[in-house]
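A short worksheet on the structure shown next.
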Amino acid sequence: MRMKLLIALVSDQKTEAVLEAGRAGGATGATIITSVRGEGLLPEKTFFGLQIEAQRDLVLFLVAEQRARFILESIGEAANFDTQGGSGIAFQIDVEDAVGLGTQLSAIREEVEQEI
């Protein structure tokens with residue numbers, strides 16, 4: 001089965017919305033890495049030399065290729081990526097191989113087969 005890795009960098013206020021959108025779109029799980037740092041078009045402001053920046057989370061979804069674009073768009077809508085500047089970004093990359101999916105693979109296959 002061909003898989004995609006969806007990577008979303010979001011403000012911590014939007015992490016739950018992104019997780020819910022991913023699950024609703026067909027993702028069977030996610031990995032969240034908290035307290036990452038990012039910088040957008042304009043550098044963050046400082047206060048007496050200290051960075052004032054919102055906490056960001058890195059959310060990873062490993063999904064079936066057939067569902068990847070739909071889930072990616074759902075994540076983008078839930079987090080307002082295209083309408084609210086600085087809200088985050090999401091993208092997908094191909095996954096050549098993966099192990100450790102034994103418990104989720106049957107659910108992923110079943111969902112993909114239902115769509116076909």
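The values are calculated or read from the model by the stated rules, or taken from the named source; none is laboratory data. Not measured: the values here are computed from a predicted model. To get the accessible areas, we keep the full protein, side chains included, count just its heavy atoms, and leave off ligands, DNA and RNA. Shrake-Rupley method; radii C 1.70, N 1.55, O 1.52, S 1.80 Å.
Here are some notes:
- Rolling a 1.4 Å probe over the heavy atoms of the protein chains gives the stretch 64-116 an accessible area of 71 Å² per residue.
- Listed residues Phe70, Phe91, Phe61 arranged by accessible area, highest first, probe 1.4 Å: Phe70, Phe91, Phe61
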